Each structure stands twice: as C-alpha cells, then as structure tokens.
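> What follows is a single structure, and I will ask about it in a moment.
We did not get these values from a lab; they are worked out from the coordinates using the rules stated. As the structure is a computational prediction, the values presented were derived from the model and not from experiment. FYI the Cβ positions are ideal-geometry reconstructions off the backbone, even for glycines, and counts take in every protein chain you see.
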C-alpha cells in the first residue's frame with residue numbers, strides 16, 4: 001500500500017459486535033455468516049476496516065471476553081472455515097479485518113488455568129497470578145475487581161488466591177512469566193498467518209501491574225465518585241498501567257506484528273489523562289500504532305469542553321504519534337443518547353473530520369439510540385453485579401436494525417433475539433434510510449466519501465482551531481497541499497452569525513448536517529443554525 005493511504009492511519013474503522021449485527025442461523029444471535037451477508041452494505045457505507053468483538057470459544061461469562069481457546073471460533077459464530085471466508089470476502093472488497101485480542105485474562109475454563117490451579121508445582125503453576133492468604137485468611141491485598149467485589153478469589157485446590165481484575169471467571173494471566181509471553185505471542189502469529197490485518201487489544205493497560213502487588217491507596221472522599229461504585233473508591237495506581245512494565249511488553253507485541261506486512265496494533269487504553277497514552281506508542285514509536293483515545297467519551301456536549309479535551313490530547317502526542325478518536329463502543333452508551341438525537345449528526349461530522357483515525361460503532365450511522373432493557377432481560381454481568389448505577393452495557397449492544405420486518409430483519413420472525421430490538425425499528429433502519437436522501441445513513445455515507453476523496457481530511461497536514469467564536473460554537477481548519485477544509489459545529493440551540501472573514505471571503509459547502517445547503521457561503525456573515533455542522537472548502 002502506498003504511503004498516501006495507510007489503512008490504519010487514514011482509514012475508518014467500524015466496530016461490529018458480532019452477537020448483534022446479523023443472525024444468519026436463526027438462533028437469535030448474530031454470527032460470522034451474518035457479517036458476510038452484509039459486506040455489501042459495509043462496502044457501500046465506505047469504511048476501511050472491521051473490528052470484530054471477540055468470536056473465540058468462551059463460556060460467555062462476559063460474552064466472549066473470557067476466552068477458553070485463543071485459536072478457534074465459538075460455534076455460535078461459525079468456525080474457522082467461515083472466518084476464512086469472511087476474511088477473503090472482506091479483502092476482495094478492500095476491507096481489512098481486525099480481531100479483538102484479550103491479553104489480560106483468559107476464561108477459568110481455559111486448559112491453561114486448569115493446569116495452573118491443579119498444583120503449585122505444575123509447569124503452568126505461575127501462568128496466572130497466585131498468592132497466599134494473609135495470616136488472617138484474607139486476600140493478599142486490597143485490590144478491587146472492575147466488575148464489583150474484591151479482585152481475589154480463593155481456590156480450594158491450590159489453597160491460594162488468584163487475581164481477577166474483572167469477573168472471577170476471568171483470571172489474570174501473568175505476563176511476567178516467559179511461558180505466558182511466548183504462548184500469547186504465538187496466538188498473534190496464528191491469526192497473522194491466517195491473514196488478519198490487525199488486533200484491537202482489550203484492556204492492554206491492565207497487563208502492567210506493580211510486581212510487588214502493593215495495596216492501592218484510597219481515593220480522597222471528595223473525589224470518590226459513584227460512576228463505578230466501590231471500584232472508584234481507590235486510586236488504581238498499582239493494579240494497572242504500571243510505568244516501566246508496559247513499554248517492553250507492547251514493543252514485543254509490535255515486533256511480532258512487524259514480521260507481517262501492513263498489520264496494525266490497536267490498544268484499548270482506557271486512560272482519561274492523554275499523557276498516560278504516550279508510553280503505549282513506545283519509546284521509538286515501536287509500540288502500539290493506535291492507543292485508543294477515549295477522552296471525548298466523558299465530556300459533556302459542550303464546545304469548550306471538547307476543544308480543551310482535543311487540544312490536550314494533541315499536545316500530549318509523542319513526535320510522530322498518530323491520533324485516534326472514539327465516540328462510541330460496546331462499553332459506552334450511544335452518542336445519540338448521550339448527546340441527544342439533535343446532535344448526533346454533528347457528532348458524526350466531528351468524528352470523521354478531526355485529524356486522526358476514527359472508529360465508528362455499528363448503527364451509529366443510523367443515529368440509533370440506546371434501547372431500554374426491561375427487567376429480566378438484562379444480560380451484561382457488569383450491570384447485574386453492580387446494580388443501581390446504570391453500568392449495564394446492554395442498551396448499546398442491541399440488534400442492528402436492518403428493515404421494518406419483525407425483529408428489524410436481524411433474525412427471523414418468531415425467534416427471540418438475544419437482546420430486545422428498539423421500539424423505533426420500523427422507522428430507524430437501514431432499508432428506510434437508504435431510500436431517504438436526507439437520512440442519517442446517507443449523510444454518513446456522504447461524509448465518508450468526502451473523507452476518503454479529500455486527502456486534507458484523512459492525511460497529514462495542519463490542524464488549527466478557530467478563535468473568537470461564541471461559547472457554544474467549535475470550528476477548526478484542516479489544510480494540506482494548498483487545500484483547506486473548515487468545520488463549524490454549533491453545539492447549542494441558538495442561531496449564530498459568525499465573522500470568519502480572516503479565513504477568506506467565501507467557502508464552498510461540501511456537506512452540512514441537514515443536507516440542505518449548497519454553493520458558496522459568505523464567511524464574513526456565516527449563519528449557523530442550532531445543532532448544525534458545516535463542512536466547507538476554501
């Protein structure tokens with residue numbers, strides 16, 4: 001591939017939650033054949049890569065993030081032959097495939113864990129993190145599990161505790177053991193040899209723990225939030241992201257990927273301080289290509305908050321580091337719900353026009369919102385284990401809405417989908433929006449075409465915020481090779497007339513959020529309507 005378009009650098013990644021994308025088998029759960037059946041849709045949408053959430057064999061305690069075999073496919077989703085067919089059919093459409101790689105923990109049903117817990121002198125005894133009880137019988141330290149409760153589980157066979165940063169069914173692997181490192185790097189080779197184009201590495205920052213497993217300090221009561229309940233009562237400085245540990249590990253992963261052509265290392269680095277992302281790039285940019293940047297996910301829909309967060313992130317990038325932006329995922333409420341449906345198109349414009357690689361979550365191109373889950377239908381272990389705080393992730397994982405037929409065309413009529421379909425599926429679906437030239441789907445398609453066709457939007461170049469604007473307006477320019485793009489976003493509910501004459505006399509409309517403007521606009525008196533976004537050239 002030429003330097004002018006490196007897919008992980010200049011393309012758009014589209015995350016698919018396989019359970020919810022398309023059910024081809026009629027069991028109410030999405031599968032790989034369902035993804036194959038919808039590749040034409042994805043090609044027409046204009047994305048460059050598909051990131052698949054876990055599809056490996058798993059007891060599904062955490063819906064695939066508890067892996068019992070890293071080198072196979074769960075029968076719910078298909079088999080290796082189906083996966084190879086998906087890979088070939090996607091590549092024929094110039095679409096890359098990225099797999100979710102889960103390095104921090106396996107399932108407690110993985111053969112490695114069976115061996116490790118069998119005895120303290122087993123060859124795999126130290127493949128997981130085991131410690132003796134304290135003299136009073138309590139756990140080795142005060143660490144808490146992200147999904148509620150303490151992070152240590154007593155095992156009767158070994159008469160020791162094992163560490164689990166998430167569910168007790170997800171024991172943490174010990175990356176300080178050379179055998180674990182070799183085995184997990186061999187997993188990467190297995191999928192790279194098969195032709196996979198990259199890995200999204202789940203909670204990669206958790207594999208770097210303090211070697212002495214020190215107690216975490218308590219968070220000052222004034223800062224202890226309710227966002228994640230008890231977990232947020234501690235400063236998590238020893239159980240994750242330990243300095244000096246992560247760089248050698250991500251560099252070893254990168255060296256494996258570099259043995260293959262045009263592969264990408266993408267990491268889930270859920271760290272709200274952008275300065276903490278720098279080590280993941282590696283000292284010589286020999287680490288992750290794209291440490292995910294989640295800093296916008298928890299900003300209010302406020303122009304100044306977004307500007308400050310974007311600037312902090314750009315300022316923190318190491319020299320030569322490539323930025324990336326995320327506004328939605330399987331772990332976050334959909335942005336049409338967080339920001340309100342009136343702002344969904346402006347959010348899409350922001351995501352697709354900032355300098356950096358965007359990741360678009362499935363169905364966000366429809367403006368789909370969270371789906372309320374009735375009592376008794378909840379599935380997510382996080383929400384079930386920490387009730388009352390709204391931590392359940394089911395609302396953003398509901399089935400893709402394809403058409404107005406029963407179950408939104410996701411699965412056959414008469415079959416209950418694994419999560420409920422939204423009540424609005426007869427209006428908010430792919431078929432309905434595909435035939436409406438002013439729909440959110442066609443707006444997103446148009447934006448994606450512009451992004452691909454105009455190097456100023458997807459490549460290197462200058463990025464600069466526009467100063468002197470009303471508080472609820474965000475504007476920035478992208479410039480490259482004599483071409484300049486101007487993005488203006490009104491975060492508020494008031495009309496504004498802006499004087500942008502310092503940027504020139506006029507600019508041509510490429511697209512706006514309501515798709516009802518064309519021609520050239522006067523920059524000395526640029527009108528911006530409530531919730532509107534404008535992408536201009538000139």
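> Order 10-22, 205-217 from most to least packed using the mean count of other Cβ atoms within 10 Å.
On the way: 10-22: 23.5, 205-217: 17.6.
Packing order, densest peptide first, comes out as 10-22, 205-217.
> If I fit a long axis through the Cα atoms of helix 80-92 and take the longest principal axis of the Cα atoms of the chain, what angle between them do I get, 0 to 90°, rounded to 10?
For 80-92 against the chain, the angle is about 20 degrees.
> Can you tell me which of 413-422, 342-351 comes out highest on packing, and rank the rest after it, using the mean Cβ neighbours within 10 Å? Write out the running numbers ahead of the final one.
On the way: 413-422: 16.6, 342-351: 23.2.
In decreasing order of mean packing, 413-422, 342-351 become 342-351, 413-422.
> What fraction, in whole percent, of alpha-carbon pairs in region 1-103 exceed 15 Å separation?
Details: 3261 of 5253 pairs.
Of all Cα-Cα pairs in region 1-103, 62 percent lie more than 15 Å apart.
> Follow-up question, since we're still on this one. Using the alpha-carbon centroid of each, what span in Å lies between region 191-264 and region 461-538?
Between the Cα centre of region 191-264 and that of region 461-538, the gap is 39 Å.
> Output needed for region 461-537: three equivalent-ellipsoid semi-axes, defined as square roots of 5 times the C-alpha gyration tensor eigenvalues, in descending order, whole Å. Walk me through the numbers before you get to the answer.
Details: eigenvalues 66, 40, 28 Å².
Working from the Cα gyration tensor, I get semi-axes of 18, 14, 12 Å.
> Ok, one more. Mind pulling the angle between the C-alpha long axis of helix 303-316 and the longest principal axis of the chain? Nearest 10 degrees, somewhere in 0 to 90.
The answer is roughly 60 degrees.
> Determine the percent antiparallel among the DSSP beta bridges restricted to the chain, to the nearest 5. Don't skip to the answer; put the middle values down first.
Details: 37 of 61 bridges.
Approximately 60 percent, going by the DSSP bridge assignments.
> Return one number: the angle in degrees, 0 to 90 and rounded to the nearest 10, between the long axis of the Cα atoms of helix 344-353 and the longest principal axis of the Cα atoms of the chain.
On a 0 to 90 degree scale, this one is about 80.
> Kindly give Rg over Rh for the chain, based on alpha-carbon atoms, with the Kirkwood expression for the hydrodynamic radius. Numbers along the way, then the final one.
On the way: Rg = 23.6 Å, Rh = 24.4 Å.
A ratio of 0.97.
> Measure of size requested: the Rg and Dmax of region 246-378, with Cα atoms as the atom set and Å as the unit; please supply both.
Expressed in Å, the Cα Rg and Dmax of region 246-378 come to 16.5, 51.
> Quick check on packing: order 154-160, 85-91 by the mean number of other C-beta atoms within 10 Å, highest mean leading. Provide the component values of the computation, followed by the final result.
On the way: 154-160: 13.7, 85-91: 17.3.
Answer by packing, highest mean first, reads 85-91, 154-160.
> Over the residues of region 125-181, compute the C-alpha Rg and express it relative to 2.2 N^0.38 Å.
Against the compact-globule rule of thumb, the ratio is 1.09.
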